[in-house]
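Take a look at the structure below.
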Amino acid sequence: MALESATYISELVAANPPGTDPISQGDDHIRMIKDVLKTNFSGVNGSGTTAVTADAAEMNLLDGCTATTTELNYLDITTLGTSEDSKVVTQDASGDIVIGSTAGDQTMDIACHDLVDGGLKLAGTLVTASAAEVNLLDGKTLIGDAVLDTAQTWTKGQRGEITTLTPGATVTIDMADSNNFTLTLDQATAMANPSNDTAGQSGSIFMIQDGTGSRTASWGTDWEFAGGTAPTLTTTASAVDRVDYIVRSASSIQAVATLNLS
């Protein structure tokens with residue numbers, strides 16, 4: 001038969017050459033196969049000496065890839081002018097994502113950060129604070145010290161909770177719990193010296209008679225009233241008295257009673 005001719009692998013006929021072809025055409029067949037291989041694998045043609053070592057499975061990773069050469073080169077980060085080190089993005093077994101090497105300064109720049117187009121999310125929640133707002137926390141080591149260590153002008157109402165005290169023969173207020181307290185008296189009660197009282201703290205204590213009334217109160221030595229005399233509470237059932245105080249020192253709480261409020 002006539003000598004086979006082909007340019008691409010798809011044009012090669014597996015049955016050629018038949019055994020009846022002249023032996024003298026063997027070199028022509030070999031040259032034709034070489035030409036087909038060099039044409040189809042032109043990227044490894046020329047003076048290069050590097051062998052293609054990818055196996056079939058590795059080559060098949062490109063099956064269906066439609067990216068252009070330029071798009072594939074995006075994987076070569078230096079093409080976009082970024083340092084080689086920043087190519088490294090890894091996630092360890094603990095789920096921590098590492099950008100770049102462990103040495104040097106690494107920066108993650110989120111190009112868009114707003115409620116419309118998205119931005120940084122933490123556990124699925126979009127962080128809406130701006131960089132300037134987040135930087136208010138820079139150098140802060142205690143919750144709240146970003147604002148509490150400077151003079152403030154309040155433009156809205158501020159309030160403290162009123163903590164309910166447990167009635168008993170002796171009541172010891174923990175000043176760390178609150179500034180304001182309320183106590184319903186159900187028996188004669190000794191108001192002991194508080195714990196955690198710190199100079200400068202102030203507030204009020206609402207002293208309420210239960211439905212029976214006639215409940216009295218005595219006060220520990222830290223409590224100081226005008227003239228050195230503690231007030232006599234209103235003993236009418238459900239009556240309300242208020243004791244306002246300010247802590248002068250750890251052993252001095254100056255107080256004023258306003259009685260029979262109704």
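The values are calculated or read from the model by the stated rules, or taken from the named source; none is laboratory data. On a predicted model such as this, the values are computed, not experimentally measured, just so you know. When we count neighbours, we look across all protein chains shown, and the Cβ atoms used for this are built from the backbone with ideal geometry, even at glycine.
So the values come out like this:
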item	result
So ASP244, is it outside any strand (DSSP E or B), surrounded by 13 or more Cβ atoms within 10 Å (Cβ to Cβ) and under 47 Å from the mean Cα position of the chain (by Cα)	no
Selection count, the range 12-52, where residues are modelled with pLDDT of 80 or more and assigned to a helix (DSSP H, G or I)	18
Residue match in the range 142-151 (condition: within 18 Å of ALA217 (Cα to Cα) and hydroxyl-bearing (Ser, Thr, Tyr))	no
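Residue-wise test of (1) assigned by TED's automatic domain parsing to the domain that holds SER251; (2) more than 20 Å from THR258 (Cβ to Cβ); (3) without any contact (Cβ under 8 Å) to a residue 12 or more places away in the chain; (4) part of a loop (DSSP other than H, G, I, E, B).
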site	(1), (2), (3), (4)
ALA176	yes, yes, no, yes
THR184	yes, no, no, no
ASN193	yes, yes, no, yes
ASP197	yes, yes, no, yes
GLY200	yes, yes, no, yes
ILE205	yes, no, no, no
PRO231	yes, no, no, yes
THR234	yes, no, no, yes
